[in-house]
Amino acid sequence: MDEVSRFGGRVTSRDGTTVAYERYGDGGGDGPPLVLVGGAPGAADGRVLAGLLARCLPVVAYGRREHGDAGREVEDLAAVLAAAGPGAAVHGTGTGGTLALAAAAAGLPVGPVSVYEPPYSGAALDRVSARVLVVDGGSSPAETRRAARELAAALPRARHRTLTGQTHEVAPHVLAPVLADFLAEELLLEGVLPEGRRDGGPF
């Protein structure tokens, strides 16, 4: 994999908490950035996925707070989105997907949203106006896969995708092109990307 530029930054959440993030890519890609919401609190994760995706678009990954309720975490994500720039897309894995949907339901200015096997979401799903891609692994438990299909059906503007052979520990090199293709398609529909950029990038 080619080296991509990476630099760190910090933003302040509504309650004064400092949230650290890392931005990948030089911003030379078309369209707005993608914010990655990790599946666990703590240091910014998803570095391999971020590095792959940053070959075709800017990516921001941040460290979720280790202790805090859902409302505070939505505020953290709001601060990161403001730093990322207008129209940023959001991808969340596991509980990060639940948080991404909660943020969209709360009215945060998000672009397309993708989630990978989020646990049950208590968000008001009918308030999620963003287009959403719900992804699961073909080798994940049947209950997990069923929940993903039901989530996609409950969202106003969602589609479902299963990645053959993947489990909850999805391989970044398998997930990255799926996300890139989804984002490219959505940005084309919104008129952000020019015609001829239907593909998701160099994977």
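The values are calculated or read from the model by the stated rules, or taken from the named source; none is laboratory data. None of the values given here were measured: they were computed from a predicted structure. A quick note on method: Cβ atoms are made from the backbone with ideal geometry, for glycine too, and the neighbour counts reach across all protein chains shown. SASA here: full protein model, heavy atoms, side chains in, ligands and nucleic acids out. Shrake-Rupley method; radii C 1.70, N 1.55, O 1.52, S 1.80 Å.
Across the range 150-193, the residues whose backbone nitrogen lies under 15 Å from the label position 7 Å along the beta-carbon direction of SER129 are 156-157.
Out of the DSSP beta bridges found with both residues in the chain, what percent are antiparallel (nearest 5)?
Working: 11 of 32 bridges.
That works out to approximately 35 percent antiparallel.
Count charges around VAL132 for me, please; just the other residues with Cβ under 9 Å from its Cβ, Lys/Arg as +1, Asp/Glu as -1. Counting the neighbours of VAL132, the net charge comes to +3. Counting heavy atoms of the protein chains alone, TYR21 has an accessible area of about 40 Å² for a 1.4 Å probe.
Of the accessible area of the chain, computed with a 1.4 Å probe over protein heavy atoms only, carbon and sulfur atoms account for 49 percent. When Rg and the Kirkwood radius Rh are both evaluated on Cα atoms of the range 50-110, their ratio Rg/Rh stands at 0.95.
Just reorder GLU190, GLU22 by solvent-accessible area, largest first, 1.4 Å probe, all chains present. If you can, show how the numbers build up before the last one.
Details: GLU190 110, GLU22 35 Å².
Per-residue accessible area, sorted high to low, gives GLU190, GLU22.
Annotation: per residue accessible area for the chain equals 46 Å², rounded to a whole number [probe 1.4 Å, protein chains only].
Stokes-Einstein diffusion coefficient for the chain at 25 °C in a medium of 0.890 mPa s, Rh from the Kirkwood formula over Cα pairs: what value in µm²/s? Here the translational diffusion coefficient equals 147 µm²/s. Think of it as helices only: each DSSP H run of n ≥ 4 in the chain is worth -39500 (n - 2.57), and spread over all residues that comes to -10000 deg cm²/dmol at 222 nm.
Summing charges over all other residues whose Cβ lies under 15 Å from the Cβ of THR18, with Lys and Arg as +1 and Asp and Glu as -1, gives -1.
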